[in-house]
1. Sticking with the crude label model, points 7 Å out along Cα→Cβ, report the distance from residue 282 to residue 117 in nm, one decimal please.
2. Taking 0.36 nm per residue of sequence separation and subtracting the Cα-Cα distance, how much length would be gained by fully extending the chain between residue 471 and residue 632, in nm to one decimal?
3. Please report, for the Cα atoms of segment 418-486, the Rg to one decimal and the Dmax as a whole number; what are they, in angstrom?
4. If each residue of separation counts as 0.36 nm, what is the full-extension length gain between residue 5 and residue 149 once their alpha-carbon separation is subtracted?
5. At a Förster radius of 22 Å, what calculated FRET efficiency corresponds to the Cβ-Cβ distance of residue 640 and residue 665, to the nearest 0.05?
6. If neighbour count is taken as other Cβ atoms inside 10 Å, put 410, 338 in order from fewest to most.
7. Calculate the radius of gyration of the Cα atoms of segment 96-180 to one decimal place, then report Dmax, the largest Cα-Cα distance, as a whole number, both in Å.
8. Using Cβ counts within 10 Å as a stand-in for footprinting exposure, how do 398, 141, 161 rank, fewest first?
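Derivation of every value follows stated rules applied to the coordinates shown; laboratory data play no part. Since the structure is predicted, the reported quantities are computational estimates derived from the model, not experimental observations. We place every Cβ from the backbone using ideal geometry, glycine too, and count neighbours over all the protein chains shown.
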């Protein structure tokens, strides 16, 4: 008999891979063994037609598996009798942990079948679904190294767990009502006996706010059709306008947001993300998503949520359970303390959450699906590094100040970690530091270099500098927008030697090497280096962070620069204009900025969209996009491409003069909002297109938070025509993708010698 040693690399642990191999071997009459180890799955096999056996490993892999490589080498020795599943071996880790996966069809049918022993059980799972990252302590992924170690298996579960032909074979979170976690309903810290799901459903129907413990943290839930209940949640949480996420069945969602097939497929995927959908059906209360033309929907991702929706019978608001600005609550005692002022009651369980994970958020753009927040269901999935970067030594990138995320590279793969939040809160900073240590230990990562943002005052930058010093490795400070461009290049597999790229990078802000605040840039370069080719003419951000929160400040500065100061005085008569102008002239807390995000804020304020203050990041721009999306007529003449520069500064003053003139003449605000989007798209597409046509670049990368705007993305893509365009999909275009770009830049610079 021939012998082979087969190494399988990729996302192959915790997905039913060993029983899958066992079943393949049994069907072919092969001998040997299969086991988990730090590099993935290892197979020792003897028999005939082993090449066909190896080919089936990739062709028939389990649903949640991602096979990156199958390496086959000859092996000597005598075969054992039969084929067995051996115990895990080795320490350390070179493989991947599977992300948490939504409830599979088999488990869902089981919890709804009165004849099944797991009928109504909110923690049913198998190798095809259930918790992974949120419960694991260390690798290899075995029950003893998860939060399920506290729940010894009963005889019935043990029999399933040990049966290679059962779909629960070595399903580490396996549980049932006799031996697994339990659910209860409580008020005022006191457990109330009875059917917890039914009591929660009745409370929701009565308009109450319920705190629910899920996979990666607590949610706050109310009846989405009850405007008073939604308003009550907003008042209690002090969240005046930011849209709430929603949970419903496909049928519920279709009533409010008719979907295409690709959108349904995303919702039904194992990641079960929140998906932004166009609101075109039955209306929900305005308080759910004030001023928005989209709603964020997700399907239930756990048996608990399925059972709750079954009992309630309607859509629910399902928003993160946290104090404003803090990370999501994950512990029972913490929830009682922090969410007690929000929630009327709690739906609790006793399985510990090892890792805080928010819900992932996605949107389908003209270029395809895009992850806006990379979290539950997507992490810790890895991305292959582009050709040329795969041989670089391990690197860690620490991202920026907003939408914190960490990226580790190792063995030709990049692990872009989960969304951590904004680094201006002590608890978020603690979560960031914990995630860094956690990922390093979990993935056995020993970086040869550290990468961070150019801004020295970001927590991530200070943390990166300290870590580099401690490790005695190089620190690469990567300019914010160069990191955005590199992240887009890396996600699209742009090889190290493929040639230069032109990047259209539009976002809120990032420190430029000239000391100004960038945000509306056309860059030209590679992973290792770049130059600024064109940019929006800078305007002062008077008040620093206050300019980001108060759109009228940006409007005043842009209107003054356009010679419209008198009109600004009338529109913003109740604001301290003279003080702002004096500060801008003196350069006191008024850095110059080319930010496209702040330009959109200015246009929004001019059109009367939350000019005084944004209640959440991006509110003005999102409402401006929603308004522009209602316009179905042609773009105003001033918005079409006219003598725009191909290099250097791009001045929005002519656009603003035309917009204000039309507004004064009674123009439709929706047409003006649409026109402003068209002008920005033309302004940045023109120099990028010129660079490619002149042979200076081979493709155009679109990145930065503004490219989450579906209307702007479509307009830019239309203007670029049939030129090669790189866009984001699995990596956020916003600051959540920065760490990947930083790591790619550092890897390239390491390979060239620093």
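1. Each label point lies 7 Å from its Cα, and together they span 4.0 nm.
2. Details: separation 161, 0.36 × 161 = 57.96 nm, distance 5.73 nm.
This chain segment gains 52.2 nm when fully extended.
3. Expressed in Å, the Cα Rg and Dmax of segment 418-486 come to 12.3, 30.
4. Details: separation 144, 0.36 × 144 = 51.84 nm, distance 3.22 nm.
Gain in length upon complete extension: 48.6 nm.
5. Working: r = 18 Å, r/R0 = 0.83.
The pair residue 640/residue 665 has a calculated efficiency of 0.75.
6. Details: 410 21, 338 18.
Fewest to most other Cβ atoms nearby, the residues stand as 338, 410.
7. When restricted to Cα atoms, segment 96-180 yields Rg and Dmax of 12.2, 37 Å.
8. Numbers: 398 28, 141 24, 161 16.
Fewest to most other Cβ atoms nearby, the residues stand as 161, 141, 398.
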